[in-house]
Amino acid sequence: MKDRIFELKQNNISDFAFDESVVNVFPDMIRRSIPGYETMISMTGLLIASKLKNPGLVYDLGCSLGASTKAILDHRPEDEINVIAVDNSKDMIERAKENIKDHRVQFVLGDVLETKIESADAVVGNFIMQFLPQETREPFLKKIFEGMNSGSILVISEKIDDSSYIAIHEDWKKANGYSNIEVEQKRQSLENVMRVDSESTHLGRFESAGFTAVQQWFRCLNWASFLMYK
């Protein structure tokens, strides 16, 4: 379904929420909002699947509709790779359960900040830290680190605070069919709930949490994905 949420002029713009209206158009919305999204998701699946032992346990934190979970499992169809996929949106979790029928995934409705990480061989956190209170982000990473097995892998993808790409990112969204009013109203909807960090802030947090071999493996405009190990 095509994303038309912000197509009409709104007198009062509510804070963005991952509710049913967003869930219904989410694949189209995210494809037209995040440059390189398909590459990040498919490569996340490949990067993690290539490092996992058999059996292996993965946490997909902020799983939304389960795209990363599916990408991982698709690369290891015959193996005992189990995924605990967590999201705090009831609508997202319900739709993810409908979309992915694989006994190896357990979808959990819950807050990632309260999710206990235990014996993880890999963790994915795609586009979630930007929605967490900033004071919780470093403790969140440390909790993940403590719950991972030695040698395990973490992939984090985020929007980066880089003003040099704001205008071209908006132009890119318009080239994907969004109007000026859609771009502006969505920006207003997100401004109170989405707080992005600089690349250096992310890298500093990863290292402070204890991760090693931290690298930015993907970047397109102001969107990036990071890979690191315990």
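Computed from the coordinates by the stated procedures, all read-outs in this text should not be read as laboratory data. What you see is a predicted model, and the numbers here were worked out from it, not measured in a lab. Cβ sites come from the backbone with ideal geometry, for glycine too, and all protein chains shown count toward neighbours.
Points worth noting:
- Low-density loop positions, GluC sites (Glu not before Pro), segment 45-125 - DSSP coil, at most 15 other Cβ in 10 Å: 78, 80, 118
- In degrees, nearest ten, helix 180-190 long axis to first principal axis of the chain (Cα): 50 degrees
- Helical content of the chain, expressed as a calculated mean residue ellipticity at 222 nm, amounts to -12500 deg cm²/dmol (DSSP H runs of 4 or more residues, -39,500 (n - 2.57) each, divided by residue number, nearest 500).
- Segment 39-91 - charge dipole about Cα centre, Lys and Arg +1 at Cβ, Asp and Glu -1, debye rounded to 20: 140 debye
- Residue of 71, 209, 167 that the Gaussian network model of the chain assigns the largest fluctuation, springs spanning Cα pairs under 10 Å: 167
- Seen from residue 54, the other residues with C-beta closer than 14 Å to its C-beta sum to a net charge of 0, counting Lys and Arg as +1 and Asp and Glu as -1.
- Inverse mean reciprocal Cα-Cα distance (Kirkwood Rh) of the chain, Å: 18.1 Å
- Beta bridges assigned by DSSP with both partners in the chain are antiparallel in approximately 40 percent of cases.
- With both labels modelled 7 Å from their Cα along Cα-to-Cβ, the residue 194 to residue 176 distance reads 1.0 nm.
- Gaussian network model of the chain, springs between alpha carbon atoms under 10 Å - residue of 153, 128, 30 with greatest fluctuation: 30
- Between residue 1 and residue 217, the distance separating the two model label sites (each 7 Å from Cα on the Cα→Cβ line) works out to 3.4 nm.
- Panel order for 70, 53, by other beta carbons found within 10 Å of each beta carbon, from fewest to most: 53, 70.
- Counted charge near residue 177, where neighbours are those whose Cβ lies closer than 12 Å (Asp, Glu -1; Lys, Arg +1): +2
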